[in-house]
Amino acid sequence: MRRLFAIVLSLLLLCTAIPAFADTQTFLMAGCDTYYYTRNWSTNAFFSRMEERTGVGFTFNQFGDLTRFSEWKAGLTKNSADLPDVLFKACLSDAEIRTLYGRGVLIDLRPWLNEETMPNLTALFADHPEWKAACTMPDGAIVTLPSIDPLQTNNLMWINTSWLVRVSKAEPTNAEELTDVLRAFRDQDANGNGNKDDERPLTFSSMWSLRFLLHVYGIIMNDYQLVTDEQGNVTIPLTTPQMREALQWLHVLYEENLIDHTGFSTPETLRKITDEKNIPYGMILGGAVTDLLPNTQMANYTALLPLTHNGKQVYRSFLGQMTRGTFAVTCRCSDPAAVLRWVDYLYSEEGCFLARAGKEGDDYRIESDGTWRWLVAEDQIETQIYARNTIAEDLQIPGYIPEEFQLRYANDTLRSQVEKIITVANIATEPCPQVFFTEEEAERLSKIWPELGSYIEYQLTWFVTGEESMDDAGWNAFCAKLTELGMDEVIAIWQGAVDRFEEACK
Ligand SMILES: [Ca+2]
Ligand SMILES: [Ca+2]
């Protein structure tokens, strides 16, 4: 009986499906794919499966090299003979978006951003006006569509849990406890190899990365050293007494050999450890443990939750939740509604699975407990699934990745990591919203920032290492130099862009 019902159901579906997509519409798509195992878009199952679901198919102008792709994009005009209908995996920078929209090559997508044509993205934008605002150009147009990933990679504090057990300490929750744990790592044989002196308690890569530790003193800032407060005012934490205090603490960590002295100067590739028996790092400040250690070490480290300062936890979200510039429609496209209906599918949970996991039954299965797993062996995923049947690895695709996609993956080690990352992600915020600068603003920043930014980077490093003094004279000279190099104008430019952003959120 059940079998009969299934057949009836599939017949019903056929009846409705065939007339709707009797005439498949075909468009020209251009984009770039640099996936390590060659992926051919013309034969990749993702596109044929999408065609079955939407009645929209493509022919391709597929690039395999980002530089050549950028050069090609730079030359596009409304009359280019090879102008495609859409750009997918478009990697459009803000400057490229401004230029191509300015030339009339890319069109404003707002007329189709509605429930009828794009129900999934419209619902996400309604729930998250900040995502919509981040896609909005200074003149109000929405020209490209984003990749939205609430679990974007972040710079995290990975701590070795076996080391904690060996030195009898709990996960630290504030500056004092962290310092205490690092001292225990330094003074004891935390890696258990019989040598008390081969531990490097905390390693990091560059001042940029070390800056994430400032959250211990309640400080987060973006790459322009700025933060936007709840009233929408852009301020600079860099010159506050709190910042000075935090830097003095980092200087103590440096003096006491609690942070890795090579972190400022030695590239990660030269510090990568292969010897499993003599792991030197108790804490790693970085994107992934495996950047510095063998894959097998992943299970020994856990992402530390942000520490507490005056009863509050803050943490910087580095990439934010979205990447814009992944999809665009050109003036050549005869039916923008059709291609936008196509891309809207990727903003649904089913679309996420189709683009990233493949087809249920063919590529993966869902277990009775709701978790999902691939139907090929783990070492076959890249060549069998990623290269042939899905599209998401490497450069960003348009779409939305619900937390469930990663949480429900049937691998306990990975899942417990993901759970920790979600907890940090829920605390972390972007210091300033993802604004879109005008051409004039971008140009001014590109004039001011190289000198000012590099001055700040060096000066902070020297404060931490002690090469520059943080006494009143040293500190006041630092603050004065920031003004001299144009910090006030940088703040004003950001304030203007943030004001527009807040307006676009309404
Ligand atoms: Ca030690
Ligand atoms: Ca040791």
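Bear in mind that the values in this text are calculations on the coordinates, not laboratory data. As the structure is a prediction and not an experimental result, all values here were calculated from the model. Here the Cβ positions follow ideal geometry from the backbone for every residue, glycine too, while neighbour counts run over all protein chains shown.
The residue list Tyr36, Gln495, Pro306 was ranked by how far each Cα lies along the charge dipole of the chain toward its positive end, using unit charges on Cβ atoms, and Tyr36 comes out on top.
Around the Cα centre of region 286-407, unit charges on the Cβ atoms of Lys, Arg, Asp and Glu (plus for the first two, minus for the last two) sum to a dipole of about 560 debye. Using the Cβ of Ser206 as centre and a radius below 14 Å, the other residues enclosed give a net charge of -3, where K and R count +1 and D and E count -1. If R0 equals 35 Å, the separation of the Cβ atoms of Thr438 and Asp291 corresponds to a calculated FRET efficiency of about 0.45. Considering only alpha-carbon pairs that sit under 8 angstrom and 6 or more positions apart, the relative contact order computed for the chain is 23 percent.
Between Ser42 and Thr269, the modelled label-to-label distance comes to 3.5 nm, taking each label 7 Å out from Cα in the direction of the beta carbon. Considering only Asn233, Leu214, Thr274, whose Cα is most displaced toward the positive end of the charge dipole of region 156-313, charges sitting on Cβ of Lys, Arg (+1) and Asp, Glu (-1)? Final value for the positive-end residue is Thr274. Between the C-alpha center of region 42-111 and that of region 424-439 there is a gap of 26 Å. Shape summary of region 365-506, radius of gyration then Dmax from alpha carbon positions: 23.5, 67 Å. Here's how it looks for Asn61: its modeled amide H is under 5 Å from those of Met29, Ala30, Gly31, which are all 5 or more places away or on a different chain. Taking 0.692 mPa s as the viscosity and 37 °C as the temperature, the Stokes-Einstein diffusion coefficient of region 50-197 based on its alpha-carbon Kirkwood radius rounds to 160 µm²/s.
In deg cm²/dmol and to the nearest 500, what is the mean residue ellipticity at 222 nm of the chain if only DSSP H runs of at least 4 residues count, each as -39500 (n - 2.57), divided by the residue total? Value at 222 nm, helices only: -12000 deg cm²/dmol. Note on region 156-313: along the principal axes its Cα atoms extend 53, 31, 28 Å, ordered by decreasing extent.
Taking amide H positions as placed 1.01 Å from N in the peptide plane, with prolines and chain starts having none, which residues 5 or more places from His309, or on another chain, fall under 5 Å of its amide H? Amide H neighbours of His309, under 5 Å, 5+ apart: Val314. For Lys447 and Trp208, a Förster radius of 35 Å and the Cβ-Cβ distance give a FRET efficiency of 0.95, rounded to the nearest 0.05. Within the chain, the whole DSSP H helices whose Cα atoms reach 15 Å or more along their own axis and whose mean Kyte-Doolittle score is at least 0.0 are 2-20, 412-427, 487-505.
When +1 charges are put on Lys and Arg Cβ atoms and -1 charges on Asp and Glu Cβ atoms, the dipole computed for region 156-313 relative to its Cα centre reaches about 100 debye.
Coordinate range of the alpha-carbon atoms in the chain per principal axis, descending: 76, 56, 40 Å.
Sparsely packed loop sites in region 411-506 (the chymotrypsin sites (Phe, Trp or Tyr not before Pro) outside DSSP H, G, I, E and B with at most 15 other Cβ atoms within 10 Å) do not occur. Computed over region 114-176, the convex hull of the alpha-carbon atoms projects to a mean area of 7.8 nm². Convert 37 °C to kelvin, take the viscosity as 0.692 mPa s, use the Kirkwood radius over C-alpha pairs of region 439-506 as Rh, and evaluate the Stokes-Einstein diffusion coefficient in µm²/s, rounded to a whole number. Answer from the Stokes-Einstein relation: 241 µm²/s. Structural size metrics of region 159-216, computed from C-alpha coordinates, are Rg and Dmax of 12.0, 34 Å. Other residues with beta-carbon under 15 Å from the beta-carbon of Asp412 carry, at +1 per Lys or Arg and -1 per Asp or Glu, a net charge of 0.
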